[in-house]
Every structure is written in C-alpha cells, then in structure tokens.
Amino acid sequence: MPFDVQPFWALFDESLDGVVAIDATGCVVGCNASACGLLGRSREMLVGQPAANVLPASLCLDLQRSQASRQASTEPLQGKLDLFAEDGTARQVAYGIASHALPDLSLVTLREVGHAGANFPENCQQIEELLRQQAQRERVLRDITQRIRQSLSVETILSTAVEEVRRVLRVDRALIFRLISAEAGVVIQESVNPAYPLTLEMKLEDRCFGGSCRAFYQQHKTRLVPDVYQDAWAGCLADYMQQFRVKSKMVAAILQRRSLQSPDQTTNGGNAAEGVGDAGNVPEMPMLWGLLIVHSCETHRQWQTSEADLLQHIADQLAIALQQAELYNQVRQLNLNLEDKVQQRTAELERSLNYEAMLRRISDRLRDSLDEHQILQTAVQELAEQLHLSSCEVGFFSDDDKTYQIAYEFPIHLPPVRGLEFRCEDHHDLQACIDAQSYTHICGQHPLADWVGLFRCPIADEQGNLGILTLVCPAERVFTEQDIRLAEQVAIQCAIAIRQARLFQAAQAQVTELERLNQLKDDFLNTVSHELRTPLSNISMATQMLEITLRDMTNSVTEPLAVQLLQHAAPFVQILKEESLRETSLINDLLELARVDSETEPLLWTTVNLRDILPHIAEPFLQYVHNQQQHLEIQVPNDLKPLTTDLSYLERILSELLHNACKYTPAGGEIQVRIEQDIEDIKAEQTGGGAEAISVPRQLRICVTNTGVEIPAEERDRIFEKFYRIPNNDPWKYGGTGLGLALARKLAVLIGGQLSVKSASGQTTFVLALPLAGQPHDVITAIRDTHANA
C-alpha cells in the first residue's frame, strides 16, 4: 500500500532545508516551500511530475543509484550541484538522498551552500529520526485504536486504554477520570505501577474545575504539567498529589459529540455553543465526558509535544469507542426494551385470547341450560376458579329492596355464607352499584372473616335489575381491565340467560296449562260421548220401531186419508233416522279418537292381500260415485306382495280417505286409488355358488287422488288437527266435524305408517306409506328354495 506522505508536510514546511519526496515510480509526490524556492517552481508545478523533468540530471542519477542500493546501506547519499535560475545566475546546492526513511519513498534534501546551521549529514539524520518517531507514533496509535475498538464493552475499552497508554508512554500511572458533576468526578479505571498506591473508584471534588479549567479542556486542549507543585491549578488537588506521590502529569480531554436541543443549552457547565444557527439546523457541540490522565511518580518529567499529541489522539479514539459502546448499549437496551414490549404485548394478547376463550366457554355453559339455578351456579363457579377468587356470590334483593340475600356462591378460601340475609342500609355499596349501573370495588368485612375486597357488578337488563354478582378477593388485590371486562360480560350473559330461563319457564307453564285444558276438553268430550251414546242408541231403536210401524200400517190401512198421512210422515222418519246415524257416527269418532290416544288397545296383526280387500273397502262408495257422475279407478300392480297390518285400522283409514275424496270431488271428477312399491336391489346367494341380484319391495304406498280441488300450502299440515276445517265461504257445504283426518293420521302411526298430503295443479293426493317389514328376508328365502328345487 503506498505510504501517505501528506500528514508529515506539517513538519517539513517549517524547515529551512528543501525537502522533495519521490515515490518508487520516480514521480514527485510532495515538497515543501524551501524546495520550491531553490528549484524556482511552484508546488503545483512539481507535484505529480517525473523527477527527471524537474531535478538536475546528476541528482537523478544519484537517486537511481540510491534506490538500487537502499537495502545495502542506511547512510544517505550526499553530493553538490549547481542550480541555475531563470536569469542565468547559479547557486551551489548540497543535496542528500535518503531512500530508506519512509516505505516506498525517497527523500531528497536541498540546502544552499553557506547556509548557517548544523552540518548537513546531521540534519538529515534528525529529519529521518523525526520521521521515524512520527511513523512509530502512528503505528502505536493504530495498534491502540484497534485494541480499543475490538470490544464494545465499556469496561474492556477503558481497561485496554489505560494499559496501553501506560505501556507506550512509560508512565507510572494511567487513569480515566469520569466527570459526574460540574466540579466532581470519580476514577473509573486505572493502570498503575505496583509500587504506587491505587486511586481506582476514588471520588474527587475540585472546586476550581468548574470555571476556566473546564473551559480549557472543552476546547480540546492537553495540559502538560512537569511539576504538579508548581502548577497554577494545583491548589485544590495538592493533598491528592501528595497522597499518591505524583510529580508530573499530563491530562487530555475525552470529548464526545452530541446534538443540542436549543441554542442556549450548554454542556455540563461549560461554555455555550458558538455559531449556532437556527433551530432547524442545530450543530453538534462537544461534551466533556472525562479526562485521560498519566502520572509520573518516580521523577519529574518534561513532557514532549509528540507525547501530548499521542495522548490526545488516544483520548479522541477512546471517546469514539466509548460513544460507539454507548450507542451499542443503547441499541441493545432498545432491543431489550422492544423484546420486553413484544413479550408484554404477546402476554397481553395471550391473556386476552384466554379471557375470550374463557368468556366463550362460560357463555356456552350458561346458554346450554334453561335452568336458572344451574346458570347462576355455573357462573359463580367458573369465575371463582378462572380468576382465582376467594369466593364468588350472586344475591337478590327482596321485593321491598330493604334486604339482600346471597342465593348462590362458590367459596374457595372462605367459609360458606349461602342463604345469609342482611339489611341494605348496612351495605351502601349494594345500592350504589344498582344506581350507577356499573361495577364498584370496595374493601369491606366478610360476615365470617376479616377484611376482603368486594367487587360488585349488577346483573341487569333493559327491564330492570335481576341481582348482583360479587367477586370476593384479598383486600390488597387490584383487578385488571381483563378481569373487570370478564366479570361484566359474565354478568350480562347471566342477565340474558336468566331472562331466557324465566321466559322458558313461563312458556312451559303455559304449555302445561294448555295441555291440562286440552286433556280436560278430551275428558269432557269422552264423557259427553259416553253419556250421549245411550240416548242416541235408544233414539235409533225407537226410530227403527217407528219406521216398522209406519210400514206395517201403510200396508194394512185402506182409507185414503190414513194412507196419505202415513206417506206424509215417512220422510220425517227418514230424516230422523239419518240424523241419528250421523250423530252416532260423530260420537263413535270421538270415542275412537279417545281410545286411540290412550294407546291401550292391542293391535291385531293380519297378513292381507290388498288386491282382494280394496274393492270391498270401495264398495260402499260406488253408489255415491255413480250418483255424482264421478269416475273411480283402482290401480294395483301385478307383483303386489302381501301386507301385514291391522286390517280394521287400515280399512278405517282408507274409508276416511275415500269419503273425503267423494265429498270434495265435483261432478264429473276423477278419483283414483293407486298402490306403489319402493324396490331395492339386493344380492341373494345361489345354491351352486355366486350371487343373483333381485328386486325386493321395501315400502308400500297407497295413494288416493281426487281432481277438482286443491288445498293451500299453509293449510296442508293443519287439516290433520282435531276439529280443524279449511276456511270456506260456506262452512256447512260439505259438513263434517274435522275428526276424520286426525283419526286417520293417528291410526296410520299406530300401524307403523305415515299419512301425508300433496296438492297441486287442481288435484289433491293423500299418501299412506306403510313399511314392508320382513319382506326382503321372505323373498330371498323363497328364491333360494326355488333354485334348490331346480
């Protein structure tokens, strides 16, 4: 790496001898003012030019020989030559060539012969020694700086600095004095010869330091004190110097840069900043952080300027290292603070999520029940366990709001007080909680224990107060926002759940009452039906006897008037007979419905063939169909399987469906009875192995369809209710009591079926679906037997 010669020209500029620096390529890289005067050229004309263009030829030849033999000799090559000025005058100049003074550089010194001073060879040696010392100081400074900056630990930086300073400057003590106020400081690091006392961690107060002394160091100056007892500033520290046997000292300021916040701000009592611009462009001002001090204790010492420069440079590097370490610590602390905040935020989020999950769990448990007792007991238990309470309670006010009773509790660390009742006037916080419609937190005395914390939260909704939720905890506990929010949310959920539970209980009471009234109605109808059946039976019998008597009299009487009277009475007897039969049918329906509802009569299961019984069931309606000019069609599949059912119930259902179809089908309409089967494909094993897929009916449907009438969608489910009739302009047009379809559906359920209705496109179809239980197994067995016989 090329050697930088610029830092050394400050040394050469004051020299009376001319000095020219030439690099390994033969180019001039530097020169001082004396050399420019002797050569008659400016510095700009010399620097960067080949030496052969600006120096005499003889001098260039000696320069080449010196560079070639630089490894063999350490003595400079000397000689004399004549230099001619522009006006032709000549001056005799002695020159010296040192090719080993600096790395990769040759120095040419020029002196006019006859110039006063030391002889030339000695002057060259002094220059070389000066350069050598300067290079050594640069290397020392680089080494110290590198060692200081190897660590970001303040303690390591300070320890390394004092050790290196004491070693390089060969002093008895090196220490770092940290300023802690305008007039005081403490020794925070020290390296000392074991023969002398330690000053580490000693606090010193110097009343003289706050004035001109501090301003001196603030200006980045180094104090050289050959004799501390002759120092003008030694008055305040004389005892200290004597105690620690200090004879000479050198002090360098450790200054750090910082940004000012305002133009008037000063640094630790130092001078105000100068040249401060406007507030938007605030310059940095040095802050006196401390002092780097070296002591000579054995002898008085005359400090050299180079030593002062070295100490100040080390102090500057130390200031930079300290500031970097401080910045590193600040960044590290910021990272730690950020990590702490992230952890705190994460913990808060986790707590929030836990509270949300806890609230959802409690809410779910509260909503799972409509029992008020279970709801409130669950609430106090969950809160007591989740919030680690001493106890949790729910209480209610009396009707006159004068007393308060604890109705539910879950004690953990306190004795139980459930059922305890006390006056509200002795506990003003109860009424305050209700009046404020918000939580209260006080310190009160437990009835069976010492002072405790009482957190009360009202259980209320828009309709009013329902109770108070009380969280009992140690008196010193402070509830967090999450705890308060959880308690309030649980109180709200309790209010909702209590209101729902009470509404449910009221609805259940209404349902129970309606069921009771319905049962009373059924009992009344059943009783009335039984009471009316006997008189109606007598009326029917009397009507039959009257009809027989009239017929006999008509056949035996010959008088025209008597015959006319008998014929005139016959229609009235017929009306009496028909109405008696209708009322008897109504009473029979009521009794049948009551009997079916009781489900006490056993079913008589019979296997029947619908192909045979359907015509028999439809026969009573044929005359009515003929009279109304209706068309009745019965469709039965050829492969219809036998059906096992209660035949009487089945006949009653189909008769009711046919009766309704005939009654509501207009003249010229069609009535269809159709039987359908749901088929399922299953595999049956054959005798010779393998399997055969066969179709087996799983369900049988009897469909009764009539045209000319359509039931609205909103009425299709209600037609199966007892006593219900579809609203019509003429409710007496078709007659009926509304019991037939209700009875038919109940009978269908008893025989394992289902009765439904569908109505669209001007026609209505009632579907009776019946299961064919056991049919697949029977068919499979029959097929297996068939294959075996074959």
Given the peptides 288-295, 703-710, arrange them by the average over their residues of other C-beta atoms within 10 Å, most packed first. 288-295, 703-710
Take each of the peptides 496-504, 169-177, 184-192, average the number of other beta-carbon atoms within 10 Å over its residues, and list them starting from the highest. 169-177, 184-192, 496-504
Let me have the relative contact order for segment 351-476, percent, based on Cα pairs under 8 Å that are six or more residues apart. 19 percent
If you average the C-alpha positions of segment 23-68 and of segment 296-371 separately, how far apart do those two centres end up, in angstrom? 59 Å
If packing is taken as the average count of other Cβ atoms within 10 Å, what order do 407-419, 339-351 fall into, highest mean first? 407-419, 339-351
Which one, Val472, Gln544, Ala432, projects farthest toward the positive side of the charge dipole computed for segment 413-553 from Cβ point charges (K/R +1, D/E -1)? Gln544
Measure out, as a whole number of angstrom, how far apart the alpha-carbon centroids of segment 499-545 and segment 412-479 sit. 53 Å
Under 5 Å, built H, 5+ apart or other chain: amide partners of Ile468: Gly395, Ile459
Calculate the dipole size of segment 351-500 relative to its Cα centre from +1 charges on Lys and Arg beta carbons and -1 charges on Asp and Glu beta carbons; express the result in debye to the nearest 20. 420 debye
³J(HN,Hα) computed for each position of segment 642-656 - Karplus, 6.51 cos²θ - 1.76 cosθ + 1.60, integer Hz, glycine/proline x: x, 10, 9, 7, 8, 5, 5, 5, 5, 4, 5, 5, 5, 5, 5
When the Karplus curve 6.51 cos²θ - 1.76 cosθ + 1.60 is applied with θ = phi - 60°, which whole-Hz ³J(HN,Hα) does each residue of segment 707-715 get, with x for Gly and Pro? 9, x, 8, 9, 8, x, 4, 6, 9
Report the local net charge at Val417: Lys and Arg +1, Asp and Glu -1, summed over other residues whose C-beta lies under 9 Å from its C-beta. -1
Of Gln629, Thr606, Leu576, farthest towards positive along the dipole that unit charges on Lys, Arg, Asp, Glu beta carbons give segment 555-676: Gln629
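The numbers here are math on the coordinates, done by the rules we state, and not lab data. Being a predicted model, the structure only gives us computed values, none of them experimental. Here the Cβ is made from the backbone with ideal geometry for all residues, glycine too, and neighbour counts use every protein chain on show.
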